[in-house]
Amino acid sequence: MRVSTSERTMNYVILTAFAVFAIYPILSIVIAGLQPDAEAPGGLGNLTAAWEIGRFGSYLRTSLLVSVFVVTVSTVLSVLAGFAFGTMRFRGASALFYLMLIGIMMPAEAIVVPLFFDLRAIGLTDTFWAIALPQVAQSVAFGTFWLRAAFRSSSRSLIEAARLDGASTPRILGQVLVPLARPAIVTLVVLTFMWTWNEFLIPLVMIPTNEALRTAPLGLGFFSGQYTQGYALLAAGATIVALPVVIVYLFLQRHFIAGMLEGAVKD
């Protein structure tokens, strides 16, 4: 099917308009973060000043540790659970799967307060685990749903052929299905990293006193009200906090888009 020149031109105009609409807010924050004001020298000096005043080095380190832990653990558990629900038949599978979906439907705001008291009762508040474990649970619920669809769409004949060749269940998963589901897994990794990195409520509630365990978004919130009233330094701090997510997405964007498009046509 041939596309006319006018239709192609109109497509590019519409895509360009949407791209400008999406990128403009990001560029405006970056540009504002480089502007001088009463508290900021301007240019890259704003980033340096925000880094030192806001102590973002410590906050970024905590966010990185939490994100790596959550992404690693939740991805492994999601692959195992998605494989089980997508390729195996066992008693209670449907009921157990729908029970796990509650983790997607239940907003964090509804459970964060009782969860805080539960974790405080076992001495986990103000610790790394109070931030990481609830986010692992949330991510596994979505990851199971996501990878179940990916594994269900895998060729049954390919799995049966591997079994006839003597492959064990772990080998079928690791050497047959995981490579086929790589776009979906990479998409899950990117989404989980973004959600974990940007999480604000759970660290705010679970870390009431331990400043050393504040994550980057939480540190930015305290920075905006406690350390500065200037917009330039606040925008510079927001740029610092958002930069790791942008870098991860740029490195994995091809696999991310492939996984999203692949997931759009799977049952």
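The values are calculated or read from the model by the stated rules, or taken from the named source; none is laboratory data. Since we're looking at a predicted model, the values are computed, not measured. In this analysis, Cβ positions are derived from the backbone assuming ideal geometry, glycine residues included, and neighbour counts consider all displayed protein chains. To get the accessible areas, we keep the full protein, side chains included, count just its heavy atoms, and leave off ligands, DNA and RNA. Shrake-Rupley method; radii C 1.70, N 1.55, O 1.52, S 1.80 Å.
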Q.
Whole-Hz ³J(HN,Hα) for each residue in the stretch 174-179, computed from phi via Karplus 6.51 cos²θ - 1.76 cosθ + 1.60 with θ = phi - 60°, x for glycine and proline: what do you get?
A. x, 9, 10, 7, 4, x
**Q.** Inter-label distance, nm, simple model (7 Å from Cα along the C-beta direction), residue 19/residue 31
**A.** 1.8 nm
Q.
For the stretch 1-83, take every pair of Cα atoms, bin their distances at 10 Å starting from 0, and report each bin as a whole percent.
A. 14, 19, 21, 23, 19, 4
Q. Do the sum for the chain: with -39,500 (n - 2.57) for every DSSP H run of n ≥ 4, divided by all residues, what is the mean residue ellipticity at 222 nm, to the nearest 500 deg cm²/dmol?
A. -25000 deg cm²/dmol
Q. Counting Lys +1, Arg +1, Asp -1, Glu -1, what net charge surrounds residue 235 among other residues with beta carbon under 14 Å of its beta carbon?
A. -2
(Q) Could you sort 98, 249 by their accessible area in this structure, using a 1.4 Å probe and putting the largest first? (A) 98, 249
Q. Carbon and sulfur atoms: what percent of the 1.4 Å accessible area of the stretch 120-184 do they account for?
A. 59 percent
Q | For the chain, accessible area per residue (1.4 Å probe, heavy atoms of protein chains only), Å² | A | 57 Å²
Q: Assign one of three labels to the stretch 114-253, namely rounded, prolate or oblate, based on the Cα gyration tensor with a ≥ b ≥ c the square roots of its eigenvalues; rounded applies when a/c is under 1.5, prolate when it is not and a/b is larger than b/c, and oblate otherwise.
A: oblate
Q. Stretched out fully, how many nm does the piece from residue 10 to residue 112 gain, at 0.36 nm a residue minus the Cα gap?
A. 32.0 nm
Q | Structure-derived Rg and Dmax of the Cα atoms in Å - corresponding label in (i) 22.4, 73; (ii) 25.2, 109; (iii) 19.5, 74 | A | (i)
